[in-house]
Structures are given as structure tokens and as C-alpha cells.
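Have a look at the structure below before the remarks.
Values quoted throughout were computed directly from the atomic coordinates according to the rules given, and no laboratory measurement underlies them. Being a predicted model, the structure only gives us computed values, none of them experimental. Note that we place each Cβ from the backbone using ideal geometry, even for glycine, and neighbour counts take in every protein chain shown.
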Amino acid sequence: MAQTTKAKADETVAAEALVRGYRKARRGYVVSDKMDKTIVVEVEDRVKHPLYGKVIRRTSKVKAHDEANSAGIGDLVLISETRPLSASKRWRLVEILEKAK
């Protein structure tokens, strides 16, 4: 299931890239939806330690625009880079890949 979700997300981003130009896209989990039309998404990045070679999980939280207030806490979402929408919002919700249980 994870492979099909990733493939679907890649197709969505690729189709949108033709219309809007290349933009970064990230997958992450919603950790807060308390603000109006804004969600906080925790994005995980895996990096290799430069000296020891161990793979380390690094997470960062980004604010994303959710026009319809459709995403909830725990949802797996696809977000895309966009123009600055506020002092801290630089991302927008593209689609909800998986709803929380």
C-alpha cells in the first residue's frame, strides 16, 4: 500500500509541476490543526552521519495552508512549496494521502 500511495503522490506532483513549475513536495503527518486554514506538518528527513555513517532521523515542523480545513491531526498529507502566504507559511496542502484512524 505504501508503494501505491507514493506512486500516486509522485504522479500528482508531476502533473502539477507541468502547470505550476517545479516546486518542492514533502510528505508528513499533521501534528496540529488548531489554527484557521493552517496545519502544522511534521516532516521527517533521514540523513547519514558524516563520520559514523549511521542514518539519523531528523524532523522539522512546517506550517502549511489548508484552505478547506480538511486535514486533521494524524493525517498523512502531501504538501508543496508555494509563495509566502504569511510570516511563517511557505507551504500548502496538495492532498490528504491517508486519514488518521
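Be a star and scan region 58-76 for residues whose amide nitrogen sits under 19 Å from the point 7 Å along the Cα-to-Cβ vector of E42. From region 58-76, the list is 58-65, 71-76. Here P(r) over Cα pairs in 10 Å bins from 0, in percent was calculated from the structure, and among [x] 15, 43, 32, 9, 1; [y] 14, 38, 29, 12, 6, 1; [z] 14, 39, 36, 11, 0 it sits at label [x]. For the chain, a simple Cβ point-charge model (Lys and Arg +1, Asp and Glu -1, everything else neutral) yields a dipole of about 460 debye relative to the Cα centre.
How high is the FRET efficiency from S32 to K54, r the C-beta distance, R0 41 Å, rounded to 0.05?
Details: r = 30 Å, r/R0 = 0.73.
It comes out at approximately 0.85.
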